[in-house]
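Right, one structure below, let's go through it.
Each value in this text was obtained by applying a stated rule to the coordinates, not by laboratory testing. For clarity, every value in this text was computed on a predicted model and none was experimentally measured. FYI the Cβ positions are ideal-geometry reconstructions off the backbone, even for glycines, and counts take in every protein chain you see.
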Amino acid sequence: ISLTEIKNLETNKLKMKVFNRWELEKVKINDISISNYIYFNKKYGELVPHSSGNYDKKPFKKTYCPILERLVCSLMLKSRNSGKKIKTIAIVKHAFYLLHKTTGKNPIQLLVDAISNWLNILFQCTS
């Protein structure tokens, strides 16, 4: 194995993907007002929807919770999936797979765009 192949392996190893399929490097937040609240944690590579974090002890610490974990936790609140995090993660994974198959786009980008569009509609309705 040559040195270039080893360097290529090291750089490919550093690229983490959500559910081993979708990269976060290409995701862009178009709305500046929500960029502080949609958190990806690219610096530490934490992309899992189950981080076992404690995000409710300090004020505004929930903004550091990864966006996928916030989605999974919000789906667990009231239904037959309440308290079943692994099952909810499987549902989100399957939904992302279906979104990718039907649109051909990164489902995380679609999630960020949906949140941005929803907030714009919410602000228009309240004012």
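Based on the inverse mean of 1/r over its pairs of different Cα atoms, what is the Kirkwood hydrodynamic radius of the range 49-99, in Å?
Value: 11.6 Å, from the Cα pair sum.
Kindly flag which residue pairs out of Lys17/Lys84; Lys57/Lys105; Lys58/Lys84; Lys26/Lys58 have an alpha-carbon separation exceeding 28 Å in this structure.
Check vs 28 Å cut-off fails for Lys57/Lys105; Lys26/Lys58.
What length, rounded to one decimal in nm, is gained on full extension from Asn20 through to Tyr64, with 0.36 nm per residue of separation minus their alpha-carbon distance?
13.6 nm
Rounded, prolate or oblate: pick one for the range 71-127, where a ≥ b ≥ c are the square roots of the eigenvalues of its C-alpha gyration tensor, a/c under 1.5 means rounded, and failing that, prolate if a/b is larger than b/c, else oblate.
Oblate shape, in that a/c is at least 1.5 and b/c is the bigger or equal ratio.
Measure off 7 Å from each Cα along the Cα-to-Cβ vector at His94 and Ser33, then give the distance between these two points in nanometres to one decimal.
3.6
What nm distance separates the two modelled labels at Trp118 and Lys84, each placed 7 Å from Cα along Cα→Cβ?
Using points 7 Å along Cα→Cβ, the separation is 2.2 nm.
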